[in-house]
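Visitor: Let me give you the structure first, and then I'll get to my questions.
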Amino acid sequence: MDRACGPSGAVYRRLLPWDSFGSAQAHRRPRAGIVDGMSDASSPNPGSTAPRTLFAPWRMSYMQMLSAAGEARAPAGRAKGSCFLRDYWLNPQDDAANHVIVRTGTEATGRGGLIMLNRYPYANGHLLVCLGESRGRLLEYSESQRAEFWSMVDLAVDLVERALNPQGVNIGVNQGNAAGAGVPEHVHAHVVPRWAGDVNFMSACANVRVIPSALEEMAKTMRGVWEGMKA
């Protein structure tokens, strides 16, 4: 988390992308979009410097999707995983629909993983990286598996930089519920391309996050770059 000053001198808390991603706790704490040191006559305590809550109802669809995924039965011909990441891994025939960009290894070999577009991105081109095998902690994987995981993170960063030429990249892992993990049973990394001003007043004041590219178009771009990298 870092801090930045607004035009009026108010201090804003700017969150890193994984601070609130997929975390139920994040919706019980005044975190996303908080404005510090700013009195408001409309608040319950005018003149108070206590943080105010900015509601983010668009996140509810993500939590409902996770809940539905955990309860739904697998359709005929499809394997059912313990979470959507495992489910995606077990069903390569659905890679296009699931916006999977890179798949390495197979279930039979016990090696490999996925690089996919985040369906609920923090920024344009936000990628998720995971191994095929579900583990809640990085240290529950073997040393060779961890090496494979970080190699795939390197690949995801290279892919993002080639495809989008961002000004920066956030790379992070949320391990466990308390750390904000949206899928605590399957540890994964976030690779988020960043540009100056990509999170601005729209997020802080209007509860709106602007993603300029459709997932399908972004997936097409990423897959084209990946094919070029393999050539």
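Laboratory data are not the source of any read-out in this text; all were calculated from the coordinates shown. Predicted model only: the values in this text are computed from it and were never measured. Cβ atoms come from the backbone with ideal geometry, glycine included; neighbour counts cover every protein chain shown.
Visitor: So who's got an amide H within less than 5 Å of the one on I101, skipping anything under 5 residues away but keeping other chains? H placed 1.01 Å off N, in plane.
Guide: Correct list: I115, M116, L117.
Visitor: Using label points projected 7 Å from each Cα along Cα→Cβ, tell me how many nm separate A56 and R119, to one decimal.
Guide: Taking the two extended label points, one gets 1.8 nm.
Visitor: In whole Hz and in residue order, list the ³J(HN,Hα) couplings for segment 154-169 that follow from phi through the Karplus curve 6.51 cos²θ - 1.76 cosθ + 1.60, θ = phi - 60°; x for Gly and Pro.
Guide: 4, 4, 5, 5, 4, 4, 4, 5, 5, 6, 10, 6, x, 7, x, 9
Visitor: Quick one: which residues, 5 or more positions from R52 or on another chain, have an amide H under 5 Å from its amide H? H modelled 1.01 Å from N in the peptide plane, none for Pro or chain starts.
Guide: The answer is V35.
Visitor: How much net charge surrounds K220 when only the other residues with a Cβ under 14 Å from the Cβ of K220 are counted, with Lys and Arg +1 and Asp and Glu -1?
Guide: Working: positive: R223; negative: D95, E216, E217, E227.
Residues close to K220 contribute a combined charge of -3.
Visitor: Give me, ordered by chain and number, the residues 5 or more places off G180 or on other chains with an amide H under 5 Å from its own placed amide H.
Guide: Amide H neighbours of G180: none.
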